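J.: For reference, the structure I am asking about is given below.
Read the figures in this text as sums done on the coordinates, not as results from a lab. Bear in mind that the values here come from a model prediction, so they are computed numbers and not experimental data. Glycine also receives a Cβ, built like all others from the backbone with ideal geometry; neighbour counts cover every protein chain displayed.
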Amino acid sequence: MTSTAPESRTDGRQSRWDEHNRTRRRAIVDAAIAVLEQQSPGEELQLQAVADAAGMKRTVLYRHFEDRADLDRAVQRALCARLGDVLAPALTIDGRPDEIVHGLIAAFVRWAVEHPSLVWFAGRDLAGWGDSPINQAMQAIAGAIEVVMEQVVSSLGAELEHDDRAGLDPWVFGMINAVFAAVRRWMAREERVPEVDTFIGILSESIWLQVDGLAQSRGIDLPDLPIRDLLEPLGVEG
C-alpha cells in the first residue's frame, strides 16, 4: 500500500490555500472596480462598499491585503491590465504608421470616456510605493512601440545613431505620458470640449507630427504604406 508523505499532504493543502487567497484577492479587486464604476471621478473608494460588493465582511479584506495602499495598488494593476487589453488590438502592423497612432489614441480616449472613474483611480499617486502601475503600463506600451519603430527604420535601410537609439525610450514614454495627461485634463474640464472625435484627431495629429518630424530630420521618409508591407521582407509577422 502506498502512503502519502506528510510533506506532500502539506504542500497540497498550502497550494489549495494559496489558490483560495488568490481567488479572494481577485474577487475583492473586481468588487473595488465595480464600486468605482458607480462613482464619480475623485470620489473616495469606501472599503465597506467594496466589502458589500464582494459579499464579504470588511474584516476579511484586511486578511488579503497588507493595508489600504496594498489594495489600491492591486486595483491600479488590474485597471492597467484592462487598459492594456483595450490598446493591444490597436497596436497592429496592419495599418499605416499614422493610422496606428490614431487607433491607439482613439482606443484610449474612448475607454477613458466610458470609464472616467477608472482613469482617475489608475492615475492616482500612491506615495512611497516606487514606480506606479500606470508608469509600468506606459513603459510596456512604449517598449512595444519602440520595437515597431526600430523594425520600420531597419526595413527602410536606415540606422539610428547611438544617441537617438538611447533617447528613443524616454521620448516614446514622454509622448505616451503626455497623451495620458492631456486626456485626464480634457475629461476634468467643466465643459468637455472639443467633442470626442475632434479631440482624438488633435491628439493623433500632434503625436504623428512629432514622429514624422523627427524621422524627417534624420533623413528618414516614412512611406504611406501599411507597416506589414514594410516588414514582410524582413520576415516579421504581426
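J.: Please give me the summed charge of the neighbours of G143: other residues whose Cβ is under 13 Å from its Cβ, Lys and Arg +1, Asp and Glu -1. Before the final figure, lay out each step's value.
T.: Numbers: positive: none; negative: E146, E150, D169.
So the surrounding residues net to -3.
J.: Follow-up question, since we're still on this one. How big, on average over all directions, is the shadow cast by the Cα convex hull of the chain, in nm²?
T.: 19.4 nm²
J.: Take the alpha carbon atoms of the stretch 176-221, find their center, do the same for the stretch 55-113, and report the distance between the two centers in whole angstrom.
T.: Computed from Cα coordinates, the inter-centre distance equals 20 Å.
J.: DSSP H helices in the chain with Cα extent of 27 Å or more along the helix axis and mean Kyte-Doolittle hydropathy at least 0.5?
T.: Details: long enough: 6-37 (46 Å, -1.26); 68-87 (29 Å, 0.05); 133-155 (33 Å, 0.73); 162-188 (40 Å, 0.16); 196-217 (31 Å, 0.71).
In the chain, the long hydrophobic H runs are 133-155, 196-217.
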